[in-house]
Amino acid sequence: MSLDFLSYFRRNKSARRFQKRFDILNSIVKLRGVTRYLEIGLHEGRCFQRVECRQKVGVDPEPQLKISQPQVFELTSDAFFKINIDRFDLVFIDGLHHCEQVLKDVLNSLQFLDPSGSIVLHDCCPPEEATQNREDGPQRIQKKLRWNGDVWKTYGYLFDEYPDLNSCVVERDEGMAVLLNSPDFSVRESIEDQIEEAQKRWAKWDWGTYLEKKKSWNLIDDAESFRRFLKES
Ligand SMILES: C[S@@+](CC[C@H](N)C(=O)[O-])C[C@H]1O[C@@H](n2cnc3c(N)ncnc32)[C@H](O)[C@@H]1O
């Protein structure tokens, strides 16, 4: 086998492993030594089952899993965080796709996140305006149409508010925002105050805001750049 073919094959293999949300999550597991994983919003567990991590906890008020899993809590994320005592290295937030709830999930997760842990938000890159309209959500879900919700506003707020927070947005599988915790990172206000403050800003944001803000985000769309981001951060 020629060397050219071997390097082409290797490049292709790593590109194939960088398409889906569980590929991105598994890269984080591998490169940041994750052993404790939490997923908020499981649905059928398609992602949960593919994340290769020693300890996994899932939360969903109405999980649709085919096989019951011992570490699945049939609760909303808010109810889960009230009873949780475990700590996590990686939290994947993919529950209720409303910006306030996602911000609440991030702030709650931070209280149980290892200082070198990570939080990932799904659906941060809606492909068109209709897929992020809050009011279209129930109808689109019923018709089995794509609906990302306005999760991008949560990431946009955190990006503006915490410039020291090390983050990127992987442009795969509807957009995966990856936030890296650090021992120096802390939130400034209570969860309620933070949400109230964010809501004031979000009231002025529309689709044009998204397109404009996205230009300043650290967008990543290949496996090698993502590996470098995780290794060098
Ligand atoms: C998009 S699906 C999750 C898909 C799954 N993460 C995957 O990748 O296969 C969203 C899930 O969030 C759940 N959900 C809705 N509200 C929630 C809440 N407040 N807390 C946690 N999960 C919630 C829904 O029941 C639904 O199963």
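Data table
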| quantity | calculated |
| --- | --- |
| Top-ranked residue in the range 123-139 [being part of a helix (DSSP H, G or I) and surrounded by 17 or more Cβ atoms within 10 Å (Cβ to Cβ); ranked as modelled with the lowest pLDDT] | Gly137 |
| Residues being near the ligand (Cβ under 6 Å from one of its atoms) and free of Cβ contacts under 8 Å to residues at least 40 places away in the same chain - total across the range 45-58 | 1 |
| Condition met for Val102 (within 15 Å of the ligand (Cβ to nearest atom), assigned to a strand (DSSP E or B), under 17 Å from the mean Cα position of the chain (by Cα) and within 23 Å of Ser190 (Cβ to Cβ)) | no |
| Set Ile40, Ile119: member being within 10 Å of the ligand (Cβ to nearest atom), closer than 18 Å to Gly149 by Cβ and modelled with pLDDT of 95 or more | Ile40 |
| Unique match (being of a type outside the set (Lys, Arg) and crowded, with 23+ Cβ neighbours inside 10 Å) among Val170, Val120 | Val170 |
| Hits in the range 17-39 (condition: among the charged types (D, E, K, R), crowded, with 18+ Cβ neighbours inside 10 Å and either within 18 Å of Asp123 (Cα to Cα) or free of Cβ contacts under 8 Å to residues at least 24 places away in the same chain (or both)) | Arg21, Asp23, Glu39 |
| Scan of the range 24-44 for residues that are part of a loop (DSSP other than H, G, I, E, B) and over 16 Å from Val57 (Cβ atoms), ordered by number | Arg32, Gly33, Glu44 |
| So Val151, is it at pLDDT 95 or above, of a type in the set (Val, Ile, Thr) and within 11 Å of the ligand (Cβ to nearest atom) | yes |
| Single residue of the range 172-188 satisfying the filter (in a loop (DSSP other than H, G, I, E, B) and among the small types (Gly, Ala, Ser)) that is nearest to the chain's Cα centre (by Cα) | Gly175 |
| Filter pass, Ser233 being surrounded by fewer than 17 Cβ atoms within 10 Å (Cβ to Cβ) and out of contact with any Leu (no Cβ under 6 Å at 6 or more places or on another chain) | no |
| Leading residue by the ranking (nearest to Phe229 (Cα to Cα)) among those in the range 166-193 that are in contact with a Phe, Trp or Tyr (Cβ under 8 Å, 6 or more places away or on another chain) and of a type in the set (Gly, Ala, Ser) | Ser167 |
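The values are calculated or read from the model by the stated rules, or taken from the named source; none is laboratory data. Computed from a predicted structure; not experimentally measured. Note that each Cβ is placed from the backbone with ideal geometry, even for glycine, and that neighbours are counted across all protein chains shown.
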